[in-house]
Amino acid sequence: MKKILPLFLIIVYISNAGLKFDYQRLDMHYDGLVFNDNYIFFYGANNSIARTDLNNENWELIKIINEETDIIKIRNEDSGFYGISEQSVFRLNSEGRPLNTKSFDAISKFKDVIKLDNNFLILNENSIDILDNDFEKINSVYLDENIVPTEMELFNDNLIVGTTNGSLYSFVNGIDNEPKIFDFVEKGYLDSAAKIYRFKKYNSDLYILVGSSIYQTNDLKNYTKKNSGSLVFNIYDDNIYSIHSYTGFGSSDYNLVKFCRSSDSIVEQISNPELDRYCEMLRIIGFEFINSNLIFAYGSQNLILRSTDGGYNWELISYLNPSGSMQWVNVNTGYQTERKEEVYKTRNGGVSWQTQKTGNYNLKNWSLGYSYFYSEDGRGVIFGSHSQVNYPTTFYTNDYGDTWDTTCIDEIYGYGFSSDAPIIRINDEYKVFYPSRFKSLYYTLIFTLDLDMNCKSTECIDSAKLFNIQKYNGKYYALSFDGRHEDGYGVDTNTYQILTADAPGVAWDTLVNLSMMDTIINYMSIIDDNIFLSGIVWYPGEDTNSRHPLFKVDLKTNTYKRIRLDNESGYKAFLIKWENNIVAGGDNCLLYCEDIENNPYYWKKEPVPGYFVWKITGFFDNTMYAYTLDRHFLKFTFHEDTPVEEPGAEVIKMYNYPPYPQPANNRVSTEIYWDARYDMQNATITVHDYTGKTISKPGEISVNKMNVYHGEIIWDCSSVSSGVYFINIRLGGTTRTVPVVVGR
């Protein structure tokens, strides 16, 4: 009996756990970067940082605080970094891992942070809050309510604060002293008030962007106007670098220029025209010199540019514009073809992206289509859409996109391939399907190509428009459209078919006909001998729950039925199966059904707050990639708690749910399962900080047993400061560690 019990406990845990997953948003905008000797950290949206090494080879996305707000500023300190998001403050180690975090219920948003001695100063809308080393508030210094501060900096013995009205506040020898005020208008430097945007320090000088001009000072009393500046400027080797936009005759040129210190009238244009291309597409927020040659620029839509020659040439190493035209070949490698007619590749699961180029053509000037295919052996192909004269029709790679070739295939020249054109790879051949219609006649052309892109044959299916083909259990299944193509409501019948074939040629058999009034089928998924179809159907006069139906086709009986879901108003189906669950996207959630065969009408929700999960683009084991309706890109990681086994003859298992709430304030709990041969009341339960020091006190930890193998561990954490802690549970020789974030 003892040997059977652990397996029984596993079954109980899984059946009660439901669908468990973590998710993170991969599309980012970057507002700054910091670096040390090993890493570069780009920060901005979603309280996350994208970390890479100096060689741009290893990328990782690190979540700082579990909030959807933005990181405002990160600064260096001796052993790591510190920074703020809109309403939180945090410290990081030298690898960018959170050491201590704290969130505030602030009415206003934080604007800047700086460390002075052992205190942290946080700039608010009309005050400077003083926090101790544990982020506990000590005091606040209030500013003139008629000014709006922008940012702050330490310069010599002064804390300086910029404002939107051209005034510079300077606190000398301590924040408690009355500030000195330097008014650029009053002193005659400006004709009218202008916003103080940026502070940049270099050696003994301070550079300030006031309005559209850069001023230099070394004493905060006398200022020298250097040149007309830009929001995007920096100082390196005593020279001012700025990305300038020159507009004329209906066009704009963006260049990195250098203003030489020896003579401010000497301006050297550095960057080549490639920088224009990226500035036209996206918006550069800033750039930093890592050394004299290595420069990184950053901005919106995952924009990261790199120069290795001091700014003369630039490489786009990260950019993502979620569009839905994406294919993954494994959990880390994916490609996207987007509407600006460019191809991007990721090697690290979507954290960073790389422009794909060919030696002969700039892809921006090439007429790409959305019909594409990539395979595990590194081969990929994209077909053009109505290619221009003297332009290629096909773009292909044999080495995962390291190099690309182009060719013009006469047999397919002039056809406008779209995302409805399936491509199937069979050994050394591609089957390229071109679904179309002539008046009311629907047909599908099939082009057979070899791996060198030579057309071997052309065939035609003259009775159906095949636009989704999948392989299942050695056979091919196709979703086909056949019927009238007319607009209207309540009168038209759209006839869909499920076709099947042993090989993807012209010989297809009809498995089932689906005649549905005013219905558009978007997605097809094959799971456990069932084909699931979803789309949109209009029922005039009925409620909105009838808009997103799910149809189930039984491959054993060749019959279909509609599944009317209680959650249809927030349902968008592109189904996958994880463990025993059928999973679909939804409004602010993922929907899942635990028994689609016997109880297909009972679906549960797991929250994904703020996102309508719209389209699943890739699924590998426990990892799923999906777009949201508002064009965000999410990565889901499904999981169940990993059991910890006791060394020795007997195996003792414990499992737990993630602690709740996170971050915790005064009380946190974790639901736990254990081997019923042992009593949780006899467990040793302690709490440690990140250094390993035991910080729990008698009476702070309690156990609420629900039955002999299941209960709840509760920790009263009201006496500790904000930070990361670990609850260690030791029972029968096995230890379970539960990380907890405390934030106030």
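The values are calculated or read from the model by the stated rules, or taken from the named source; none is laboratory data. Note that the coordinates shown come from a computational prediction; the quantities given were computed from them, not determined experimentally. Neighbour counts are summed over all protein chains in view; Cβ atoms, including those assigned to glycine, are modelled from backbone coordinates with ideal geometry. The protein model used for the area step is the full one, side chains on, heavy atoms only, and it has no ligands, DNA or RNA in it. Shrake-Rupley method; radii C 1.70, N 1.55, O 1.52, S 1.80 Å.
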Within segment 144-163, residues outside any loop (DSSP other than H, G, I, E, B), closer than 19 Å to G211 by Cβ and open to solvent by 10 Å² or more (accessible area, probe 1.4 Å) come out as T150, E151, E153
Exactly one of N119, N177 is open to solvent by less than 60 Å² (accessible area, probe 1.4 Å) and in contact with a strand residue (DSSP E or B) (Cβ under 7 Å, 6 or more places away or on another chain), and that one is N119
Take the residues in segment 506-530 that are open to solvent by 70 Å² or more (accessible area, probe 1.4 Å) and of a type in the set (A, V, I, L, M, F, W, C), then tell me which one is modelled with the highest pLDDT.
-> A507
Could we say that T150 is closer than 23 Å to F184 by Cβ, modelled with pLDDT of 90 or more and within 33 Å of the chain's Cα centre (by Cα) here?
-> yes
Can you tell me which residue in segment 186-218 is most open to solvent (accessible area, probe 1.4 Å), limited to those that are touching a residue at least 40 places away in the same chain (Cβ under 8 Å) and not in a strand (DSSP E or B)?
-> K195
How about segment 47-73: which of its residues are under 25 Å from D129 (Cβ atoms), open to solvent by 30 Å² or more (accessible area, probe 1.4 Å) and polar (S, T, N, Q)?
-> N66, T69
Residue within segment 169-185 that is in a loop (DSSP other than H, G, I, E, B) and hydroxyl-bearing (S, T, Y) present = no
Please specify each residue of segment 241-290 satisfying the condition of being among the small types (G, A, S) and modelled with pLDDT of 70 or more.
-> S242, S271, G286
Can you tell me which residues in segment 28-46 are assigned to a loop (DSSP other than H, G, I, E, B), open to solvent by less than 10 Å² (accessible area, probe 1.4 Å) and farther than 17 Å from T346 by Cβ?
-> none
Could you grab the pairs with beta carbons closer than 9 Å, sequence gap of 6+ or different chains, first residue in segment 287-303 and without any contact (Cβ under 8 Å) to a residue 40 or more places away in the chain and farther than 24 Å from D27 by Cα, second one open to solvent by less than 20 Å² (accessible area, probe 1.4 Å) and not in a loop (DSSP other than H, G, I, E, B)?
-> N293/S307
Picked from segment 304-314 (must be in contact (Cβ under 8 Å) with a residue 40 or more places away in the chain and of a type outside the set (S, T, Y)), the residue farthest from V613 (Cα to Cα) is G310
Can you name every residue in segment 439-466 that is surrounded by fewer than 18 Cβ atoms within 10 Å (Cβ to Cβ), part of a loop (DSSP other than H, G, I, E, B) and not basic (K, R)?
-> S440, L451, D452, N454, D462, S463
If a residue has to be part of a strand (DSSP E or B) and over 28 Å from F135 (Cα atoms) to count, how many in segment 703-722 make the cut?
-> 8
For V644, state whether it is modelled with pLDDT under 85, under 30 Å from N100 (Cβ atoms) and in contact with a strand residue (DSSP E or B) (Cβ under 8 Å, 6 or more places away or on another chain).
-> yes
So Y725, is it closer than 30 Å to L131 by Cβ and either open to solvent by less than 30 Å² (accessible area, probe 1.4 Å) or touching a residue at least 40 places away in the same chain (Cβ under 8 Å) (or both) = yes
Quick one: M680 ticks every box in (1) of a type in the set (A, V, I, L, M); (2) more than 23 Å from I65 (Cβ to Cβ); (3) in contact (Cβ under 8 Å) with a residue 24 or more places away in the chain; (4) open to solvent by 20 Å² or more (accessible area, probe 1.4 Å) bar one, so which box is it?
-> (4)
Give segment 589-637 a look and list any residue that's without any contact (Cβ under 8 Å) to a residue 12 or more places away in the chain and open to solvent by less than 10 Å² (accessible area, probe 1.4 Å), or say none.
-> none
Does G166 meet the test of being on the phi > 0 side of the Ramachandran plot and surrounded by fewer than 14 Cβ atoms within 10 Å (Cβ to Cβ)?
-> no
Tell me, yes or no, whether segment 734-742 has at least one residue that is more than 17 Å from P659 (Cα to Cα) and assigned to a loop (DSSP other than H, G, I, E, B).
-> no
Regarding I423, is this residue out of contact with any Pro (no Cβ under 9 Å at 6 or more places or on another chain), closer than 24 Å to N332 by Cα and modelled with pLDDT of 80 or more?
-> yes
Any chance N76 is polar (S, T, N, Q), assigned to a strand (DSSP E or B), over 21 Å from F296 (Cβ atoms) and open to solvent by 10 Å² or more (accessible area, probe 1.4 Å) | no
Checked segment 93-121 for anything under 22 Å from S48 (Cβ atoms), free of Cβ contacts under 8 Å to residues at least 40 places away in the same chain and part of a strand (DSSP E or B); matches are N93, F120
Out of (1) within 23 Å of S721 (Cβ to Cβ); (2) modelled with pLDDT under 90, what's the single condition that is false for I130?
-> (2)
Of the criteria (1) charged (D, E, K, R); (2) without any contact (Cβ under 8 Å) to a residue 12 or more places away in the chain; (3) touching a Lys or Arg at 6+ places or on another chain (Cβ under 9 Å), which one D134 fails = (2)
